[in-house]
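The values are calculated or read from the model by the stated rules, or taken from the named source; none is laboratory data. Since this is a predicted model, take the numbers as computed values, not measurements. In this analysis, Cβ positions are derived from the backbone assuming ideal geometry, glycine residues included, and neighbour counts consider all displayed protein chains. These accessible areas exclude ligands, DNA and RNA; they are computed on the full protein's heavy atoms, side chains included. Shrake-Rupley method; radii C 1.70, N 1.55, O 1.52, S 1.80 Å.
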Amino acid sequence: VNEFYGRRNFEDAKLSFSFPTVVVKEGAASVFVPRLEAYVKEAWEYAPSKAPVFYNPAMELNRDVAVLALQAYQRMVEREISACEPLTGCGIRGIRFAKEVEGVRKVVLNDINLEAVTLARFNVHQNKLSEHVVVTNEDANLFLSRYAAPRRRFDFIDVDPFGSPAPYLDSAIRALRDNGLLALTATDMAPLCGVHPQAGVRKYGGRPLRTEYCHELAVRLLAGCLTTTAAKHDIGIDVLFSHSTDHYIRVYAVAHHGAKQADHSVQMMGHVLHCFACFHRETSKGMFSPLKQDCPECGSKLNAAGPLWLGELFDEKFCLSMEKEVEKKSLKQEKRVLRLLSLARKEAGAPATYYVVDKICDKLNLPIPPLTETMDKLKKAGFQATPTHFHSRGIRTDAPARIVKEILMKISREEEKQ
């Protein structure tokens, strides 16, 4: 590797890669990545996992939002910051942090794959960031452990693995400074959404449920796993932003050192109780499974998801700060990012879980009304009602399931009279 980077002619150096590459422009960065088409023989094959260096073009929105979140965080702390990506792949995310986020003093990238490190270092050089970005070649947990000492810790750590971030939580939280920001991606949606519940319990320490709002439960399970992991080190967390997009979920949380902060975070843990017969759901705080067994609405058995995070998933000020940064950046998916941030900001302060109107109407054999009409009726009845980014047909409201069903039936009767 040292000989490779000792060469002066990088045009010659790139020819020595053992795999075909292509140039990709994303945000302010221009990087070499594996040519994924070369690794797909069948239509069902997933090219990013077959390429010698991991790069997923479908995660561009994830990286766009990460840039906005890091900039919003830097504005919040009002000082120069350091950033780290322990699973960097081709380096595109870290390079974007260094090029697009003001106030980033240093970025440290790491990957256990030597070919990834070689490509990432090449990309760092090509983007003229050698003075600000360092690339290392180690196991991610070993790498993070080297930065666990108080004066070595990072302001921001982005853990974006292929699968679950759970194996990296301990070392990541130890390498994060007090009031630092941790970003986590989870792509293993089957365990998190209840398709493989035992795997969900094993990896995240909480039971998932296959409900219509399973993607929100997935985010809460990930945040809950982070909470209990951080609490072992006397560290509390606050979730500033989260989202569920395509095939993955994402959580951004600030760490607060101190036993009291850890105790406060643990107090935000609990369970979501769900009735599959009548759509009733409620929350129950506490790490231990609630004694309540029967649905108060219909008497059927209640199913519990958790323990999981019952606190806020969105901070309104942080979402607004991210929205303001969008116009300053050059993002290909600007409209999609703005819609996501706008919906998330409106969800701040709203109750946990949401109702999917289509699912309720299907069970009650009712015509499906417009979402806006349903929300208007709920608001007129004195309840909160807002759309959710988790589901295009979802409504987040504090109205009980019984009221939601009554309103949908009322709308149906009104339409029949017309």
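Laid out as a table, the results:
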{"quantity": "Any chance His215 is modelled with pLDDT of 95 or more, within 15 Å of the chain's Cα centre (by Cα) and open to solvent by 30 Å² or more (accessible area, probe 1.4 Å)", "calculated": "yes"}
{"quantity": "Which numbered condition Asp158 misses (of (1) closer than 23 Å to Thr88 by Cα; (2) surrounded by fewer than 19 Cβ atoms within 10 Å (Cβ to Cβ))", "calculated": "(2)"}
{"quantity": "Helices (runs of 4 or more DSSP H) contained entirely in the stretch 194-286, each with at least 1 residues that are of a type outside the set (D, E, K, R), touching a residue at least 24 places away in the same chain (Cβ under 8 Å) and under 18 Å from Leu176 (Cβ atoms)", "calculated": "214-231, 259-266"}
{"quantity": "Any hit, the stretch 175-185, residues being of a type in the set (Lys, Arg), under 14 Å from Leu226 (Cβ atoms) and open to solvent by 20 Å² or more (accessible area, probe 1.4 Å)", "calculated": "no"}
{"quantity": "Subset of the stretch 15-70 (residues that are modelled with pLDDT under 90, within 21 Å of Asn113 (Cβ to Cβ) and of a type in the set (Asp, Glu))", "calculated": "Glu37, Glu45"}
{"quantity": "Number of positions in the stretch 360-418 that are under 19 Å from Gly349 (Cα atoms), among the hydrophobic types (A, V, I, L, M, F, W, C) and touching a residue at least 60 places away in the same chain (Cβ under 8 Å)", "calculated": "1"}
{"quantity": "Residue list for the stretch 295-305, filter: among the polar types (S, T, N, Q) and either over 22 Å from Asp362 (Cα atoms) or in a strand (DSSP E or B) (or both)", "calculated": "Asn303"}
{"quantity": "Cβ-Cβ under 9 Å pairs, at least 6 apart or on other chains, the stretch 150-161 side within 16 Å of Tyr73 (Cα to Cα), far side outside any loop (DSSP other than H, G, I, E, B) and basic (Lys, Arg)", "calculated": "Phe154/Lys106; Phe154/Arg177; Asp155/Arg105; Asp155/Arg177; Asp158/Arg93"}
{"quantity": "Pairs where the first residue, in the stretch 17-42, is under 12 Å from Gln126 (Cα atoms) and small (Gly, Ala, Ser) and the second is in a strand (DSSP E or B) and modelled with pLDDT of 90 or more, C-beta under 7 Å, 6+ apart", "calculated": "Ser30/Val23"}
{"quantity": "Checklist (1) farther than 30 Å from Glu102 by Cβ; (2) in contact (Cβ under 8 Å) with a residue 40 or more places away in the chain; (3) open to solvent by less than 60 Å² (accessible area, probe 1.4 Å); (4) of a type outside the set (A, V, I, L, M, F, W, C) applied to Gln333, failing item", "calculated": "(1)"}
{"quantity": "One residue from Lys329, Lys335, Lys292 being under 30 Å from Ser30 (Cα atoms), part of a loop (DSSP other than H, G, I, E, B) and among the charged types (D, E, K, R)", "calculated": "Lys329"}
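A quick yes/no check of all residues on (1) in contact with a strand residue (DSSP E or B) (Cβ under 8 Å, 6 or more places away or on another chain); (2) assigned to a helix (DSSP H, G or I); (3) of a type in the set (Val, Ile, Thr):
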site: Lys317; (1), (2), (3): no, yes, no
site: Leu340; (1), (2), (3): yes, yes, no
site: Ala344; (1), (2), (3): yes, yes, no
site: Asp358; (1), (2), (3): yes, yes, no
site: Asp362; (1), (2), (3): no, yes, no
site: Asp398; (1), (2), (3): no, no, no
site: Ile403; (1), (2), (3): no, yes, yes
site: Met409; (1), (2), (3): no, yes, no
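Let's see how each residue does on (1) crowded, with 24+ Cβ neighbours inside 10 Å; (2) over 21 Å from Glu347 (Cα atoms):
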{"site": "Thr187", "(1), (2)": "no, yes"}
{"site": "Gly194", "(1), (2)": "no, yes"}
{"site": "Gly200", "(1), (2)": "yes, yes"}
{"site": "Lys203", "(1), (2)": "no, yes"}
{"site": "Thr227", "(1), (2)": "yes, yes"}
{"site": "His233", "(1), (2)": "no, yes"}
{"site": "Tyr252", "(1), (2)": "yes, no"}
